[in-house]
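Trainee: First, the structure itself, so that you have it in front of you.
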Amino acid sequence: MSLSLRETVEVLRQEEGEVLRGMLGYAESLHEELVEIRRDLHRHPELLYDTDRTAAIVVHLLEEWGLHVVSGVGPHFGKGVVGILRGTLPGGRTTVLRADMDALPIVELNDVDYRSVVDGVMHACGHDAHTAMLLGAAKTLAAHRDHIAGEFRFVLQPAEEGALPSPLDGRLLSGGRDIIEAGILDGVDRCFALHVWPELAAGTIGIHSHYAMAASSHFHVTLKGKNGHHSTPHLAVDAIQMTAAYIQAVNGLMAHGVDPTESAVLAFGTVQAGTVINAIAEQSVISGTFRAFSKETVTAITDGLHRHAQAVSLSYGGSYELALREGIAVVNDADAVQEVIRSGSAVLGRGSVLQLEKTSLAGEDFGWYLDRVPGAFVLLGCGNAELGITDGLHRPRFNLDESVLAHGVKLLVHLAVEGGKG
């Protein structure tokens with residue numbers, strides 16, 4: 001007896017459900033392998049664009065699992081890795097799943113057998129876990145390529161935590177901006193990234209409906225004067241006096257030049273000036289960060305930093321240089337948020353998805369991806385008070401409940417398969 005159209009559709013739906021359940025079970029079975037990968041990366045952290053060891057491991061594994069791999073991605077630094085997988089079934093959308101590879105210049109204080117062996121460097125932001133989870137998703141999807149549709153790009157980037165001057169044009173660039181300029185988002189329909197979050201308990205995820213994080217920008221201002229002896233100050237241009245005037249002017253900018261209804265903050269981090277007690281400093285270097293949400297506010301603060309540096313240097317008879325790593329807010333797409341809620345509920349249970357209202361003034365360069373392609377930035381709970389895992393990100397005792405590695409893989413796989421159908 002032939003089936004009706006409705007019955008046929010239901011049978012196909014059940015078969016698809018069985019395939020997806022099999023994929024999630026496969027992802028769960030990777031737990032020990034994921035822990036091994038994560039701990040190896042944790043022992044050998046690398047900073048900014050110096051991620052050659054991590055990239056080599058990533059390339060080896062992706063190629064072993066049958067993905068097409070492009071290494072050396074990025075026109076400026078060439079340290080990104082992209083693995084490409086195409087499902088055998090026809091149709092489907094193109095999805096980017098992204099992880100970051102770099103660590104932080106922090107001395108680790110955890111007493112664990114996988115503690116960092118690199119002096120003064122630590123994976124204190126969970127990028128080792130992000131890389132392991134993305135690899136787990138790649139292995140799972142590759143093992144089931146005959147049952148999925150669409151194209152999947154697994155993007156592993158360096159230098160999420162900071163930026164360096166481009167050897168091509170001098171711009172301060174983070175890893176995300178570098179590999180985006182290589183065209184990795186061309187033809188992409190959607191993109192997702194996970195970030196472990198110790199403020200949320202393991203077994204939960206958090207998602208923001210719109211703004212997830214602020215635009216975090218870094219600035220370095222060099223004020224140049226003229227050195228001289230304290231006995232003849234009229235023959236010199238005092239860089240320290242210029243610094244004091246500049247700091248006061250910028251604080252005034254934040255108080256009166258920014259829309260008071262906009263959340264924005266600027267803080268100075270370092271000041272370096274002078275070499276001896278009885279000589280007028282010729283140069284001062286000031287660094288800091290500012291954080292805001294709207295592009296208009298970011299532009300207003302950036303313009304103000306230039307304007308006040310120019311005004312101060314002119315008034316004293318000096319000059320200035322300003323280097324800026326421009327930030328952009330992390331803005332989730334409404335449809336992608338709903339996909340995360342559905343996938344998170346399916347993988348972890350309906351009560352495990354927390355819709356977050358309070359946004360963070362922290363920054364993340366995944367915002368550059370979301371500025372070009374709709375998607376979402378998902379916070380994956382990794383805290384566990386019973387295990388003593390409570391320290392926040394960027395702290396010397398940061399750690400995570402490793403059970404979340406499989407959670408992250410399953411979430412990425414579910415997002416990729418369900419949303420990739422189109």
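Trainee: Cα to Cα, under 29 Å, and not fewer than 8 places away if on the same chain: which lysines meet these conditions relative to LYS410?
Mentor: Correct list for LYS410: LYS79, LYS139, LYS358, LYS421.
Trainee: How much accessible area per residue does the range 216-325 have, in Å², with a 1.4 Å probe?
Mentor: 53 Å²
Trainee: Relative contact order for the range 216-325: what is it in percent, counting Cα pairs under 8 Å that are at least 6 residues apart?
Mentor: So the answer I get is 44 percent.
Trainee: May I ask you to compute the full-extension gain from ARG350 to ASP169, defined as 0.36 nm times their residue separation minus their alpha-carbon distance, rounded to one decimal in nm?
Mentor: Net length gain for the segment: 60.3 nm.
Trainee: Something else about it: Using a 10 Å cut-off on Cβ atoms, rank the peptides 343-349, 274-280 from the highest mean neighbour count down.
Mentor: Result, highest mean Cβ count within 10 Å first: 343-349, 274-280.
Trainee: Also: Could you tell me the relative contact order of the chain? Use alpha-carbon pairs under 8 Å, at least six residues apart, and round to a whole percent.
Mentor: This gives 23 percent for the chain.
Trainee: Test of understanding: what is the full-extension gain from ASN251 to SER29, defined as 0.36 nm times their sequence separation minus their Cα-Cα distance?
Mentor: Result for the pair: 74.5 nm of gain on full extension.
Trainee: Would you mind putting 289-298, 113-122, 213-222 in packing order, based on average other-beta-carbon counts within 10 Å, highest first?
Mentor: 213-222, 289-298, 113-122
Trainee: Here's another thing I want to ask about it. For the range 216-325, taking Cα atoms only, what is the radius of gyration to one decimal and the Dmax to the nearest whole Å?
Mentor: In Å, with Rg to one decimal and Dmax whole: 14.8, 49.
Trainee: Over the range 216-325, with every protein chain in place, what whole percent of the accessible area is carbon and sulfur at 1.4 Å, could you tell me?
Mentor: Percent of accessible area from carbon and sulfur atoms in the range 216-325: 53.
Trainee: Within the set of other residues whose C-beta is less than 9 Å from the C-beta of GLU108, count the net charge using Lys and Arg as +1 and Asp and Glu as -1.
Mentor: Computed value for this residue: +2.
Trainee: Report, for the chain, the % of DSSP beta bridges that are antiparallel, rounded to 5.
Mentor: 65 percent
Trainee: Assign unit charges at the C-beta atoms only (+1 for Lys and Arg, -1 for Asp and Glu), then state the dipole size of the chain relative to its Cα centre in Debye, rounded to the nearest 20.
Mentor: 640 debye
Trainee: Calculate the length of the line joining the C-alpha centroid of the range 316-365 to that of the range 385-405, in whole Å.
Mentor: Here the answer is 21 Å between Cα centres.
Trainee: Rounded to whole Å and ordered largest first, report the semi-axes of the equivalent ellipsoid of the range 353-422 derived from its Cα gyration tensor (root of 5λ).
Mentor: After scaling each eigenvalue by five and taking roots: 25, 18, 11 Å.
Trainee: Using the Cα centre of the range 150-216 as the reference point, and only Cβ charges (+1 on K/R, -1 on D/E), how large is the resulting charge dipole? Debye, rounded to the nearest 20.
Mentor: So the magnitude is around 80 debye.
Trainee: Send over the semi-axes of the range 54-108's equivalent ellipsoid, whole angstrom and largest first, taken as the square roots of 5 times the C-alpha gyration tensor eigenvalues.
Mentor: Semi-axis lengths for the range 54-108 are 26, 13, 12 Å.
Trainee: Same structure, new question: Per the 1.4 Å probe, what fraction of the accessible area of the range 39-126, in percent, lies on carbon and sulfur atoms?
Mentor: In the range 39-126, the share of accessible area belonging to carbon and sulfur is 52 percent.
Trainee: Additional query: Using the basic label-point model (7 angstrom from Cα toward the beta carbon), what is the GLU262 to LEU387 distance in nanometres?
Mentor: Here the answer is 4.1 nm between the modelled labels.
Trainee: Let me ask you something else. What value does the chain have for Rg/Rh, both radii from Cα atoms and Rh as Kirkwood defines it?
Mentor: Result for the chain is an Rg/Rh of 1.05.
Trainee: So, one more: Pick out, from MET254, GLY225, SER313, the residue whose Cα sits farthest towards the positive end of the charge dipole of the range 216-325, with +1 on the Cβ of Lys and Arg and -1 on the Cβ of Asp and Glu.
Mentor: The listed residue farthest towards the positive side: GLY225.
The values are calculated or read from the model by the stated rules, or taken from the named source; none is laboratory data. Remember, predicted model here, so these are calculated numbers, not experimental data. Ideal geometry is used to build each Cβ from the backbone, glycine not excepted, and the neighbour counts take in all protein chains shown. Accessible surface areas use protein heavy atoms only, side chains included; no ligands, DNA or RNA. Shrake-Rupley method; radii C 1.70, N 1.55, O 1.52, S 1.80 Å.
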